[in-house]
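One structure is given here, and the rest of the page talks about it.
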Amino acid sequence: MLTKLWKVDKNVDNLITYPQIRQAATLLMENHVVALPTETVYGLGGNAESDDAVAKIFAAKGRPSDNPLIIHIANQAQLANIVREIPEMANQLMEAFWPGPLTLIFNKQDGKLSEKATAGLSTVAVRMPDHPVALALIEASGLPIAAPSANLSGRPSPTTAGHVYDDLDGRIAGIVDGGPTGVGVESTVVDCTGDVPVILRPGGITKEQLEAVVGEVSTDPALADPEQAPKSPGMKYRHYSPNAPLYLVDGEVEDIQQLVDEKRAEGLKVGVMTTEENRERYQADVIYPCGRRAQLESVAEALYDTLRAFNESNVDIIYGEIFPETGVGVAVMNRLTKASGYPIIRK
Ligand code: TXA
Ligand code: MG
């Protein structure tokens with residue numbers, strides 16, 4: 001399949017009238033799949049009402065079909081059409097954070113969406129992205145758009161159109177390039193179907209931000225305990241992984257350097273995933289900084305690009321620094337431990 005590429009300047013007025021947006025929207029209406037930028041990561045969009053379109057999303061990514069998709073909307077009328085009710089806490093959260101990196105789980109209105117999009121669950125995950133290109137495309141198509149991250153399943157999520165191209169060229173109908181995404185990690189997924197909102201996946205909106213709006217917020221215990229089955233089906237899979245094994249180290253620069261030296265002595269090509277603050281302090285084959293430690297938002301923004309960069313460098317093994325689990329650091333550590341798949345080395 002020929003993958004069409006459109007470049008769009010996200011800052012122009014009346015995006016919805018631009019031919020790139022019209023053409024991409026037409027493909028969506030014909031049940032083809034198109035990658036689009038959001039403020040978190042690039043999504044692989046398809047008509048959420050069509051089994052055919054949703055099947056193409058799963059096929060292009062190689063994604064397990066028991067993992068439901070997030071439905072992207074551009075206005076409240078689209079929400080009212082697909083959910084059974086809107087709890088008060090959800091109203092407060094939407095008022096505060098939509099459009100934005102927050103996905104809410106509602107009880108689903110049956111018969112409105114492809115059952116494949118929700119993996120047959122009685123609930124549905126919905127978000128309104130804070131990106132003019134995503135919003136214009138959803139508006140122009142007039143459809144609820146199912147969109148997982150636009151990477152091959154298991155690979156780091158894409159934060160540029162180039163990342164999408166590397167994974168999905170030839171497998172999808174088109175890519176709308178709206179420049180690099182901003183937040184860098186996916187949306188926070190919050191279940192609103194119970195008495196208290198529950199974080200199922202940490203993300204761009206922090207627990208502290210949620211609590212400031214709705215008071216008590218709990219976290220799916222499975223997030224901290226690998227033995228428990230997570231409520232969010234997607235959280236059980238290994239994810240975001242670079243090709244070489246990644247080991248996270250809770251220790252000083254000197255501790256990590258010692259591990260690097262040992263592996264290099266064995267003849268291995270060793271990479272270090274560090275931060276701007278520490279990059280000059282290591283000696284290794286490949287050293288990539290992932291944002292600034294002093295500003296965890298910059299670490300989130302650079303995370304997936306840095307993980308992908310190690311694949312170009314052909315290292316045999318990567319050692320990575322860890323981050324404090326405060327604010328968006330919770331999401332960063334969630335993604336890093338999944339990318340690693342190994343227990344953290346504690347020094
Ligand atoms: O920022 C984001 O959320 C990006 C952009 C493209 O919007 N999308 C994204 O989608 O990360 P995806 O498919 O990679 O992750 C969706 C997550 C999965 O963990 C999935 O299991 C969960 O949301 N999910 C979807 N529907 C659910 C439901 N009804 N109940 C619980 N979890 C659900
Ligand atoms: Mg994903």
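The values are calculated or read from the model by the stated rules, or taken from the named source; none is laboratory data. Please read all numbers here as calculations on a predicted model, not as lab measurements. Counting neighbours? That spans all protein chains shown, and the Cβs are built from the backbone with ideal geometry, glycine included. The area values use the complete protein model at the heavy-atom level, side chains included, leaving out ligands, DNA and RNA. Shrake-Rupley method; radii C 1.70, N 1.55, O 1.52, S 1.80 Å.
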Consider L28 carefully, then state whether it is under 21 Å from D305 (Cα atoms) and within 16 Å of ligand 1 (Cβ to nearest atom).
no
Of all the residues that make up the stretch 225-246, how many are out of contact with any Gly (no Cβ under 9 Å at 6 or more places or on another chain) and modelled with pLDDT under 85?
12
Restricting attention to the stretch 213-224, does a residue exist that is farther than 24 Å from G341 by Cα, touching a Lys or Arg at 6+ places or on another chain (Cβ under 9 Å), modelled with pLDDT of 95 or more and open to solvent by 20 Å² or more (accessible area, probe 1.4 Å)?
no
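Every residue, every condition in (1) over 18 Å from I73 (Cβ atoms); (2) open to solvent by 60 Å² or more (accessible area, probe 1.4 Å); (3) touching a Ser or Thr at 6+ places or on another chain (Cβ under 7 Å), yes or no:
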| position | (1), (2), (3) |
| --- | --- |
| L2 | yes, yes, no |
| K7 | yes, yes, no |
| L15 | no, no, no |
| Y18 | yes, yes, no |
| P37 | no, no, yes |
| T40 | no, no, yes |
Can you pull out every residue in the stretch 72-87 that is among the aliphatic types (A, V, I, L, M) and either closer than 22 Å to H163 by Cα or open to solvent by 40 Å² or more (accessible area, probe 1.4 Å) (or both)?
A77, A80, I86
Quick check on L113: is it open to solvent by 30 Å² or more (accessible area, probe 1.4 Å), outside any strand (DSSP E or B), at pLDDT 95 or above and under 20 Å from M94 (Cβ atoms)?
no
Filter the stretch 267-282 down to the residues that are in contact with a Pro (Cβ under 7 Å, 6 or more places away or on another chain), touching a residue at least 24 places away in the same chain (Cβ under 8 Å) and either in a helix (DSSP H, G or I) or open to solvent by 10 Å² or more (accessible area, probe 1.4 Å) (or both) and list them by number.
none
Looking at the stretch 46-70, which of the residues that are open to solvent by 10 Å² or more (accessible area, probe 1.4 Å) and assigned to a strand (DSSP E or B) is farthest from ligand 2 (Cβ to nearest atom)?
N47
Contact list please: Cβ distance under 6 Å, first residue in the stretch 18-45 and part of a helix (DSSP H, G or I), second residue surrounded by fewer than 24 Cβ atoms within 10 Å (Cβ to Cβ) and of a type in the set (S, T, N, Q), pairs at least six apart or on different chains.
A25/S141; L28/S141; M29/S141
Based on what the data block shows, is I345 touching a Pro at 6+ places or on another chain (Cβ under 8 Å) and closer than 30 Å to L200 by Cβ?
no
So, T103, is that one assigned to a strand (DSSP E or B) and either within 14 Å of the chain's Cα centre (by Cα) or more than 10 Å from ligand 1 (Cβ to nearest atom) (or both) or not?
yes
